[in-house]
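*Asks:* First the structure, which I've put down as structure tokens, then a few questions once you've had a look.
Bear in mind these aren't lab numbers, they're just calculated from the coordinates by the rules spelled out. It should be emphasised that the depicted structure is a prediction, and the values quoted were computed from it without experimental measurement. Counting neighbours? That spans all protein chains shown, and the Cβs are built from the backbone with ideal geometry, glycine included.
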């Protein structure tokens, strides 16, 4: 089992590095990654403790204004989506994941008091089924960043948080310099690096037109 888990982590890192460098390679990795995370769904919730979200929580405190419409990409079992919804009681939150089993588990774990403001959907982060500038906050926790699509769905002046539960030891991890370069080219600015224990986060804002 340990060997299988180690192989899964190595594959996740390989896929991340390849897709960030060449987004067109996503079509090669999409199906095996979906299958991998479908298998992990029943045990995924217990793998990350509160410390994994600590840097994300710091970034949420640094937002310029409370968000109204939030997208949590790669939601897994919904930990980040629930954190955002609890932190901002006026926000509507959509959590999306490529793996249907993860989405089902996230829905099962959603508390009744959040059910009216949080929903979970199956979607591909490389080609999201949402309109341009649909969200004023986009959150990624342990997720591959698709820079062009992030820019498309984030409204001008909106915020983006990319967080990794274990910093560079996270299997799905993108170096800060690569994140800044890709996001900057896509129209993000005002970057802030944050850390809490092993967790890290990068906060950015979508550039206003003009």
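*Asks:* Does region 16-60 come out rounded, prolate or oblate, given a ≥ b ≥ c as the square roots of the eigenvalues of its C-alpha gyration tensor, rounded meaning a/c under 1.5 and, failing that, prolate meaning a/b above b/c?
*Replies:* oblate
*Asks:* Under the rule of -39500 (n - 2.57) per DSSP H run of 4 or more residues, summed and divided by the residues of the chain, what mean residue ellipticity at 222 nm is obtained, to the nearest 500 deg cm²/dmol? Intermediate values should be presented prior to the final figure.
*Replies:* Working: 7 runs with 83 residues, N = 210.
For the chain, the value works out to -12000 deg cm²/dmol.
*Asks:* Counting other C-beta atoms within 10 Å, which of 137, 58 has the fewest, and how do the rest follow?
*Replies:* 58, 137
*Asks:* Now for a separate question. Å³ per residue of the Cα convex hull, for region 106-195?
*Replies:* 129 Å³
*Asks:* Name the shape class, rounded, prolate or oblate, that the alpha-carbon gyration tensor gives for region 1-122, where a ≥ b ≥ c are the square roots of its eigenvalues, rounded holds for a/c under 1.5, and otherwise prolate holds if a/b is larger than b/c and oblate otherwise.
*Replies:* The shape class here is prolate.
*Asks:* Relative contact order for the chain using alpha-carbon pairs under 8 Å, separation at least 6, rounded to a whole percent?
*Replies:* In percent, rounded to a whole number, it is 22.
*Asks:* Which ordering of 139, 84, 20 is given by a fewest-first count of other beta-carbon atoms within 10 Å?
*Replies:* 20, 84, 139
*Asks:* Report the convex hull volume per residue for region 2-206, counting only C-alpha atoms, in Å³.
*Replies:* Cα-based convex hull of region 2-206, divided per residue, equals 107 Å³.
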